[in-house]
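Below you'll find the structure, written out as structure tokens, and then a few comments.
The values are calculated or read from the model by the stated rules, or taken from the named source; none is laboratory data. Since the model is a prediction, treat every value here as computed from it, not as a measurement. Here the Cβ is made from the backbone with ideal geometry for all residues, glycine too, and neighbour counts use every protein chain on show. For the accessible areas, the whole protein counts, side chains as well, though only heavy atoms, and no ligand, DNA or RNA atoms are used. Shrake-Rupley method; radii C 1.70, N 1.55, O 1.52, S 1.80 Å.
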Amino acid sequence: SDIDVTATVEDALRLLGHRLNGVTVERDYQPVPLAHVRPGQLQQLWTNLLANALDATGPDGTISVRIDSPDPRLIRVRIFDDGPGFEADMIDQLFTPHFTTKHGRVSFGAGLGLSICRQIVEAHEGTIDLSAGDGQTVATVILPTGATVTARKDTP
């Protein structure tokens, strides 16, 4: 069914409300078309990406969420945080299960977050990209509005 992607982002922010004390959340939501998505999976996607941003930025940081439609067939969601970022040579590892940069240390932990994020995005025929620089980290998700959503195989 066709879903308002912005509403799924807001649902994720509500779920994380208990962690937002002291954090500045900036919203820049442009009107976007409805999309053929699975709202439960998207809510899991945004919750993971926002939780990562919260872990990175700390209790007094700023997170910005920008939603727009650079093309009528696409929806772009960008989540910015002002945390320490990551080294460019880490980009491939960030999507590996159990890889984490929490607390400024690179280690292996429970970090299923980004690998699951990528699975969800790929099931929606979209793309996910991470970049860091200029004092901020950006997670960019681009979703086609008319994807043929495939069932995601849950990983252990």
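Brief remarks follow.
- Solvent-accessible area per residue, Å², over segment 1-90 with all protein chains present [probe radius 1.4 Å]: 50 Å²
- Inter-label distance for R14 and T62, nm, one decimal - labels placed 7 Å from Cα along Cα-to-Cβ: 2.7 nm
- Entry note: segment 29-75 has Rg to Rh equal to 1.05, where both radii use alpha-carbon atoms and Rh is the Kirkwood radius.
- C-alpha center-to-center spacing [segment 52-67, segment 9-51] in angstrom: 12 Å
- Percent carbon-and-sulfur accessible area, segment 1-45, ignoring ligands, DNA and RNA, probe 1.4 Å: 50 percent
- Taking segment 125-147 and a reference point 7 angstrom along Cα→Cβ of T24, the backbone N atoms nearer than 18 Å belong to 134-138.
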